[in-house]
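Trainee: Mind looking over this structure? Questions follow.
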Amino acid sequence: MSVMSPSVRDQVLASLEQLLGDPAQVEQWFRKLDYHMGNDDRIEVFVPNAFFKDLYEHKYLGYLEEAFRRILGKPVRVQVQVAPNRIGFVAPASAATTAPRSPTAPAASAVVPSTEEYRPASPALSSVPTATGPASSRLDLEPAAATVHPELNPQYTFENFVVAPENRLAHASAMAVAENPGRAYNPLFIHASVGLGKTHLLQAFCHTLLHRSPRMVLRYLSCEEFINEYIASLQRKEIDSFRRTYRSADVLVIDDIHFLANKQQSQEEIFHTFNTLHNAQKQIILSSDQAPQDIPTLEDRLVSRFRWGLVATLAPPGIETRTAILRQKAEDMKSELPPGGISDEVVNFIATHVHRNIRELVGAITNVVMHARYTRQPITLASARESLQHLVDLQAPPVDVHRIQEGVATYFGIKTSDLILKKRGKSNISQARHVAVYLARHMTNMSQAEVGRYFGSRDHTTILNSEQTIAQKISSDPDFRTSIEKLKSRILSQS
Ligand code: ADP
Ligand code: MG
């Protein structure tokens with residue numbers, strides 16, 4: 001991970017302004033955050049505390065991912081992280097300082113202030129220190145953190161987890177382990193691809209365990225955090241204390257254990273931690289994007305240990321499960337819904353079009369609700385379609401770029417070659433070219449560079465410029481938006 005370059009960051013912020021249609025909102029909510037880029041498709045966004053993490057994950061994840069996709073020219077996975085060194089951050093008393101609610105407590109959305117309530121004078125966000133800055137001196141004043149787990153999202157409870165055939169086994173095993181830690185299945189290994197509920201299930205387990213057995217020493221962290229702490233403890237010559245921390249736990253929960261791939265030394269450390277805990281009948285729960293045997297370079301002795309207990313999977317949700325999850329989310333957001341609520345028709349529309357994973361599903365309904373709140377309009381099929389345009393397009397089967405070029409050329413009454421050749425054309429030709437590029441970016445899976453190759457080797461900034469020109473026009477001119485929609489349907493019907 002490396003700090004994002006200011007130029008990329010500024011472009012992403014500009015793209016967010018376009019998506020949200022509100023520069024002030026971007027200024028207040030996004031400019032002060034820290035953004036880090038990985039070598040893979042991961043972007044980390046650092047926020048001050050667990051409360052903000054929750055807020056961004058629910059309200060802004062879709063916007064962030066779309067903004068990064070547009071600028072970087074490829075799909076990315078945004079992870080919202082609580083910045084280290086911010087434990088002393090002063091958050092609203094009703095939010096971050098609230099202990100995780102018990103699995104039977106009322107809906108957590110009740111403690112999340114609405115964006116309006118939150119926007120005007122949030123001393124919190126405006127005083128965010130930088131991730132690398134010194135920890136606040138308030139740190140010393142905080143109560144002992146032994147039983148407080150700010151790293152747990154209060155909404156990730158069993159109560160909020162919709163049980164369905166795709167996740168029934170994993171859910172039942174996590175519940176069984178919470179009731180009988182160290183005895184039911186050890187380890188419990190939850191395997192599923194991204195956005196299908198691994199973290200939710202792991203944290204639901206933690207909440208229930210802490211509720212039932214508050215004195216148990218629970219360590220919950222991501223594998224990446226484990227590795228970072230391990231390395232830091234080696235550098236600071238504090239490895240003994242590191243080992244004591246993790247090998248003395250009653251329950252160790254490590255999320256995203258596939259991060260062990262290619263980390264030989266950390267694998268060794270996990271191996272010994274695992275043995276110590278397992279021998280003492282202490283519970284271990286792990287989650288991973290890959291099955292143990294598929295994690296690259298994972299030592300055989302770890303593969304076999306990870307399979308000693310139960311490996312439970314979470315499958316992608318079918319349409320019924322997607323609908324049930326949307327209904328539950330709508331219920332959770334009841335207080336935020338505009339008059340008229342959200343109809344079955346809209347729920348069906350989202351469930352049909354957003355099918356890749358549950359994270360996107362949750363992001364989609366949040367987008368729809370936020371959009372309605374900002375425009376102060378009821379939620380209709382048309383408004384839902386509009387606020388999900390980017391996601392829905394992304395998930396539709398990709399269309400051949402030549403079809404798009406032919407469709408646009410016919411529509412504008414020009415030749416396909418006019419779209420490609422680098423000659424100064426009449427204004428309707430350059431308009432048609434902008435539209436064709438915009439549609440190519442929205443109806444195919446191609447990056448800006450790839451699209452550029454189909455349009456006479458134009459570079460990615462030219463492609464970005466076309467995209468932005470059309471996006472701008474679509475948001476300011478309803479007639480133009482309608483013609484683009486018609487053109488799209490025409491291309492789709494001919495594909
Ligand atoms: P993963 O860790 O597998 O990438 P997460 O646990 O972060 O996925 O889940 C992504 C989002 O989907 C979260 O907002 C989570 O609350 C929600 N989610 C996942 N599974 C369910 C479920 N069965 N019921 C309700 N919400 C779910
Ligand atoms: Mg996760």
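The values are calculated or read from the model by the stated rules, or taken from the named source; none is laboratory data. Note that the coordinates shown come from a computational prediction; the quantities given were computed from them, not determined experimentally. Methodologically, a virtual Cβ is constructed for each residue, glycine included, from the backbone with ideal geometry; neighbour enumeration extends over all protein chains shown.
Trainee: Would a scan of segment 215-227 turn up a residue that is away from ligand 2 (no atom under 16 Å from the Cβ), over 23 Å from Asp54 (Cα atoms) and exposed (fewer than 15 other Cβ atoms within 10 Å of the Cβ)?
Mentor: yes
Trainee: Right, next: The conditions are (1) buried (at least 16 other Cβ atoms within 10 Å of the Cβ); (2) within 16 Å of ligand 2 (Cβ to nearest atom); (3) in the same structural domain as Leu202 (by TED's automatic domain parsing); (4) not β-branched (Val, Ile, Thr), and Gln290 fails exactly one of them. Which is it?
Mentor: That leaves (1) as the condition not met.
Trainee: Follow-up question, since we're still on this one. Mind listing just one residue for me: the one in segment 199-214 that is under 15 Å from Ile285 (Cα atoms), of a type in the set (S, T, N, Q) and surrounded by fewer than 24 Cβ atoms within 10 Å (Cβ to Cβ) and, of those, farthest from ligand 1 (Cβ to nearest atom)?
Mentor: Filtering first and then ranking leaves Thr208.
Trainee: Residues being more than 19 Å from Tyr156 (Cα to Cα) and part of a loop (DSSP other than H, G, I, E, B): count how many of those fall in segment 49-81.
Mentor: Adding up the residues that qualify gives 4.
Here's the yes/no breakdown for (1) without any contact (Cβ under 8 Å) to a residue 60 or more places away in the chain; (2) out of contact with any helix residue (DSSP H, G or I) (no Cβ under 8 Å at 6 or more places or on another chain); (3) within 26 Å of Gln431 (Cα to Cα):
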{"site": "Leu310", "(1), (2), (3)": "no, no, no"}
{"site": "Ile319", "(1), (2), (3)": "yes, no, no"}
{"site": "Gly341", "(1), (2), (3)": "yes, no, no"}
{"site": "Leu361", "(1), (2), (3)": "yes, no, no"}
{"site": "Pro378", "(1), (2), (3)": "yes, no, no"}
{"site": "Leu381", "(1), (2), (3)": "yes, no, no"}
{"site": "Asp400", "(1), (2), (3)": "no, yes, yes"}
{"site": "Gln405", "(1), (2), (3)": "yes, no, yes"}
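Trainee: Enumerate the pairs (first residue in segment 182-204 and in contact (Cβ under 8 Å) with a residue 60 or more places away in the chain; second residue anywhere and among the polar types (S, T, N, Q) and within 13 Å of ligand 2 (Cβ to nearest atom)) with beta-carbon separation below 6 Å, excluding pairs fewer than 6 apart on the same chain, so at least 6 apart or on different chains.
Mentor: Final answer for the pair search is Ile190/Ser287; His191/Ser288; Gly195/Asn357; Leu196/Asn357; Lys198/Ser287; Leu202/Ser287.
Trainee: Inspect all residues belonging to segment 180-198 and state whether any of them is surrounded by fewer than 18 Cβ atoms within 10 Å (Cβ to Cβ), within 16 Å of ligand 1 (Cβ to nearest atom), of a type outside the set (A, V, I, L, M, F, W, C) and assigned by TED's automatic domain parsing to the domain that holds Trp308.
Mentor: yes
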